[in-house]
1. Let me see the P(r) profile for the chain: every Cα-Cα distance counted, bins of 10 Å, each bin given as a percent of all pairs.
2. Which length gain, in nm to one decimal place, applies between D112 and R128 when the Cα-Cα distance is subtracted from 0.36 nm times their residue separation?
3. Net charge around C106, counting only other residues with Cβ within less than 10 Å of its Cβ (Lys, Arg = +1; Asp, Glu = -1)?
4. Relative to the Cα centre, what is the charge dipole magnitude of the chain, using +1 at the beta carbon of each Lys and Arg, -1 at the beta carbon of each Asp and Glu, and rounding to the nearest 20 debye?
5. Once amide H atoms are built 1.01 Å from N in the peptide plane, which residues 5 or more positions from S84, or in another chain, come under 5 Å H to H?
6. Got a number for carbon plus sulfur as a percent of the chain's accessible area, 1.4 Å probe?
7. Among the aspartates and glutamates, select those whose C-alpha is under 13 Å from the C-alpha of K118, and discard any that sit fewer than 8 residues away in the same chain.
8. In whole Hz and in residue order, list the ³J(HN,Hα) couplings for the range 27-44 that follow from phi through the Karplus curve 6.51 cos²θ - 1.76 cosθ + 1.60, θ = phi - 60°; x for Gly and Pro.
Amino acid sequence: MRTLLIACGNTLRGDDGVAAEVLRLIVPAADRELCAVQQLTPEIAEKVAGYERVIFLDADAAATQLTIKPVPASVSHSQLSHASSPAEIVALATTLFAFRGEAFMCGIPARDFSAGWKLTPQAQRLAREAVEELEHRFKQ
């Protein structure tokens, strides 16, 4: 199944870069593409539509554990400003580009968003856990 993994976050804001670390650790494969962005913008919807599965990865300050949940297409949006949610991107991909795949959100607990490129030891550990969980859950 052709899969797109999209890491959201700013690698210069501590643990906000944990999703990019997940991409760095993932074993490359012919059936997956890796994409890192600082924030989701509506323009990415066209890219999403070209895949059978899309997995959004992001640091989650409110989370206490790693979560992977389906992303439903949502038509309620935030006026499509400069940043969008995964649900808004999926809705756009579905409406404008006939996306019929499945979408998931992988939330990675994060605590330190201070300036700097270094992840906390907890974020480093959770990035490795996320890779293991994604590889296990989405095996072909």
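The values are calculated or read from the model by the stated rules, or taken from the named source; none is laboratory data. Bear in mind the structure is a predicted one, so any value in this text is a computation, not a measurement. Neighbour counts run over all protein chains shown; Cβ positions are idealised from the backbone, glycine included. Only protein heavy atoms, including side chains, enter the accessible area calculation; ligands, DNA and RNA are left aside. Shrake-Rupley method; radii C 1.70, N 1.55, O 1.52, S 1.80 Å.
1. Answer for the chain: a P(r) of 13, 44, 34, 9, 0 percent.
2. Details: separation 16, 0.36 × 16 = 5.76 nm, distance 1.75 nm.
Between D112 and R128, full extension yields an extra 4.0 nm.
3. On the way: positive: K69, R137; negative: D58, D60, E133.
Residues near C106 contribute -1 overall.
4. Details: 14 positive and 17 negative charges, 31 e Å.
The calculation lands at about 160 debye.
5. L40, T41
6. Carbon and sulfur together cover 54 percent of it.
7. Here the aspartates and glutamates satisfying the reach criterion relative to K118 are D15, D16, E21.
8. 6, x, 8, 5, 9, 9, 10, 10, 9, 10, 9, 6, 8, 7, 10, x, 4, 6
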